[in-house]
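The values are calculated or read from the model by the stated rules, or taken from the named source; none is laboratory data. Owing to the predicted nature of the structure, the values given are computational and were not obtained by experimental measurement. Cβ coordinates were reconstructed from backbone atoms using ideal geometry, including for glycine residues, and neighbour counts include every protein chain displayed.
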Amino acid sequence: MSVRIEILSGLGDKGPAAIVVETQGKRLLLDAGGALHPGDTITWANQVDVDAVLISHDHIDHIGSVAELADNLPLYCTPLVANSLPKNRLWRPLPERGTLDVEGITVTTGQAGHSLGGVWLHLAVGNGVFYSGDACFESLVFPFDTPPKAAIALLDASYGTFDQPQSACLHAISKHFTQPLAFPVPATGRGLEMALWLIEEAETRELTLAIDPDIRANLATLLAMPATLRRPGIDACITHALARGNDENATLRLVNDRDDTPEQWPDHRLLHTGYLTPVRQAQLAAGEISWQRWNVHLRASHLQALAVQLGATQVVPLFTSLNDQALNEWCTLLGTRLCTAPMFTAHSSNHSSLGSFA
């Protein structure tokens, strides 16, 4: 069976996700990413010809170009992710953890450890194709499910070869607590786990804290989901967070990111914990904001371990720079498994064994 991969967007830099898997006479689009920066032009969706689209999660660089696709194109996503689709867009349900048939291809999903309703995708074609979407092993609230074997691994490499553990990131963030801080975050992603951590830190340090209503609502949604779709042992922490009132003049503020600027927060220092747009990079260089990563993507050793667990023979690091220095580092990490071609084909006569989740 021939399997052809075409990476329309997301290879070679931090950009929108859009990958086509072609097999058995069908073409499936994995994610439909939109622009990360205001004013950017998205061209990958021009005249794209596919039979169905699968969306991994609801962040703009993975779902933002759905409106550019034909309205009658079958689109699959989890019910929570469907809340972020354009109004009246028809969709078909992906399980949060399970299997379904899409255009005659068995698709397996599992929890990706990154966001509310987010999943990884496994296609039972050839010796298996695995797409992580955005993924993380270290989330405080979102589990990561062990996927089936796959010869082709399309992996979230947003952090490049960075490999600092989450504990070190949290320690670095805590050093900023000497001043009033505002944390703009994605309300369905790191915002949920940061809420639980900040409550504990604020109470230990006797600091006041306010949590955005959108983040509170998503914590309530997470708590209402089956217990297996969140990390064990956190229910009491979520319940406490929901019962806890906001402090009107809080020193620490966790807010849904609405393109916040320093001018909007004259009494607080903006501390960003994720990707910085060019505008925010300039603000950081000028000393107007602060930045410290909170891990929500695979770090290098975890990406390497995932590739080994999958038994992958071709590994594509996505959403990261592939300049000469980076390529040398990826060669060291992945050896002959490294694949950086925008189009490639794998041939096999055997189907992968799907197995069960670890």
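So which of G39, G110, G128 ends up being more than 17 Å from the chain's Cα centre (by Cα) and under 24 Å from A307 (Cβ atoms)?
Being more than 17 Å from the chain's Cα centre (by Cα) and under 24 Å from A307 (Cβ atoms) holds for just one of G39, G110, G128, which is G128.
Every residue, every condition in (1) surrounded by fewer than 23 Cβ atoms within 10 Å (Cβ to Cβ); (2) at pLDDT below 95; (3) more than 27 Å from G110 (Cβ to Cβ); (4) assigned by TED's automatic domain parsing to the domain that holds A112, yes or no:
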{"site": "K149", "(1), (2), (3), (4)": "yes, no, no, yes"}
{"site": "I152", "(1), (2), (3), (4)": "no, no, no, yes"}
{"site": "A157", "(1), (2), (3), (4)": "no, no, no, yes"}
{"site": "L170", "(1), (2), (3), (4)": "yes, no, no, no"}
{"site": "F177", "(1), (2), (3), (4)": "yes, no, yes, no"}
{"site": "A195", "(1), (2), (3), (4)": "no, no, no, no"}
{"site": "I199", "(1), (2), (3), (4)": "yes, no, yes, no"}
{"site": "E206", "(1), (2), (3), (4)": "yes, no, yes, no"}
{"site": "D214", "(1), (2), (3), (4)": "yes, no, no, no"}
TODO: Of the conditions (1) at pLDDT 95 or above; (2) farther than 27 Å from P165 by Cβ, L318 clears all except one; give me its number.
DONE: (2)
Task: Leading residue by the ranking (nearest to Q166 (Cα to Cα)) among those in the stretch 300-315 that are in contact with a Leu (Cβ under 7 Å, 6 or more places away or on another chain) and surrounded by 22 or more Cβ atoms within 10 Å (Cβ to Cβ) - done: L303
TODO: Could you list, in sequence order, all residues of the stretch 168-189 that are in contact (Cβ under 8 Å) with a residue 12 or more places away in the chain and either part of a loop (DSSP other than H, G, I, E, B) or on the phi > 0 side of the Ramachandran plot (or both)?
DONE: H176, F177, Q179, P180, P186, A187, T188, G189
TODO: Would you check if H272 is assigned by TED's automatic domain parsing to the domain that holds A195, more than 30 Å from T78 (Cβ to Cβ) and at pLDDT 95 or above?
DONE: no
Task: Subset of the stretch 118-147 that is β-branched (V, I, T) and touching a strand residue (DSSP E or B) at 6+ places or on another chain (Cβ under 8 Å) - its residue that is farthest from L100 (Cα to Cα) - done: T146
Open item on the list: Here is a check on your reading of the model: is R253 basic (K, R) and surrounded by fewer than 19 Cβ atoms within 10 Å (Cβ to Cβ)?
Closed with: no
Open item on the list: Against the condition assigned to a loop (DSSP other than H, G, I, E, B), buried (at least 22 other Cβ atoms within 10 Å of the Cβ) and not basic (K, R), how does L140 come out, does it pass?
Closed with: no
TODO: Filter the stretch 24-54 down to the residues that are in a loop (DSSP other than H, G, I, E, B) and of a type in the set (A, V, I, L, M, F, W, C), then identify the one that is surrounded by the most Cβ atoms within 10 Å (Cβ to Cβ).
DONE: A32
TODO: Identify all residues within the stretch 1-23 that are part of a strand (DSSP E or B), out of contact with any His (no Cβ under 9 Å at 6 or more places or on another chain) and surrounded by fewer than 23 Cβ atoms within 10 Å (Cβ to Cβ); write none if there are none.
DONE: R4, E6, I7, V20, E22, T23
Task: Subset of the stretch 71-128 [part of a loop (DSSP other than H, G, I, E, B), among the aliphatic types (A, V, I, L, M) and either surrounded by fewer than 23 Cβ atoms within 10 Å (Cβ to Cβ) or not assigned by TED's automatic domain parsing to the domain that holds A52 (or both)] - done: L73, L85, L90, A124
Open item on the list: Take A182 and tell me if it is within 12 Å of T273 (Cα to Cα) and not assigned by TED's automatic domain parsing to the domain that holds L123.
Closed with: yes
Open item on the list: Need the failing condition index for L284 against (1) under 23 Å from G12 (Cα atoms); (2) assigned to a helix (DSSP H, G or I); (3) not assigned by TED's automatic domain parsing to the domain that holds P342, just the number.
Closed with: (1)
Open item on the list: Looking at the stretch 242-278 only, could you name the residues that are without any contact (Cβ under 8 Å) to a residue 60 or more places away in the chain and assigned to a helix (DSSP H, G or I)?
Closed with: L242, A243, P262, E263, Q264
